[in-house]
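K.L.:
Before anything else, here's the structure in question.
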Amino acid sequence: MSLLKTLLHPDHEEKSERADVARAANILQIGEFQFLQLAHSEWFNEDMSEESINKLFMSYMFHDQVPHWARHYARQILALEKIGDLDWRNPSYHRYDRDFHTDVPQGSIRFIIAVTIVVAFFGGMLLVGHLFSGGKSASILPPYFNQQEIPPENTPLAPGRYQ
């Protein structure tokens, strides 16, 4: 029945302790298990051993047992979020998250260089297309119609042609 409730209401957790951990992990945008690793490191000032990782995983995931140090750390994160002092982008919160990157391109000069490269590439491709069409086309942009295919503006249309 618990699985069905979770599937119907994924935001609802039966135990508030585990809900606090999940909410704090979501605020930091990390997984719950990474959150537990952070909480352990914060409380004990050391990383978890392989043996304790397995025990913690079993007790947390299968028996819904939340360690006291994880509850404490979750309450700290929730309190910091409530008063607005939490920066979830801080690399210390993401040291167990291998996919977290802070090196986002910044500055207008990089943007201008990237846009210039893209415009030069597409402009060059249009120019090459125009030159390969023989230079006799009516416009530089596709479709390439020759001057003979376009009727002059002053002459009436040939029979069977529509405007």
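The values are calculated or read from the model by the stated rules, or taken from the named source; none is laboratory data. Here the structure is a predicted model, which is why all the values come from computation and not from measurement. Positions of Cβ are backbone-derived with ideal geometry, glycine not excepted, and every protein chain shown enters the neighbour counts. Just so you know, the surface numbers come from the protein's heavy atoms only, side chains and all, with ligands and any DNA or RNA stripped out. Shrake-Rupley method; radii C 1.70, N 1.55, O 1.52, S 1.80 Å.
K.L.:
Determine how large the accessible area of Arg75 is when every protein chain is in place; take a 1.4 Å probe and give Å² rounded to the nearest 10.
P.N.:
130
K.L.:
Counting Lys and Arg as +1 and Asp and Glu as -1, each charge on the Cβ, what is the dipole of the range 15-96 about the Cα centre in debye, to the nearest 20?
P.N.:
260
K.L.:
Can I ask one more? Loop-only GluC sites (Glu not before Pro) in the range 19-111, please: DSSP not H, G, I, E or B, and at most 14 other Cβ atoms within 10 Å.
P.N.:
Within the range 19-111, the qualifying GluC sites (Glu not before Pro) (loop, at most 14 other Cβ atoms within 10 Å) are Glu46.
K.L.:
Full-extension gain between Arg75 and Leu131, please, as 0.36 nm times their residue separation minus the C-alpha to C-alpha distance.
P.N.:
Taking 0.36 nm per residue and subtracting the Cα distance, the gain is 13.4 nm.
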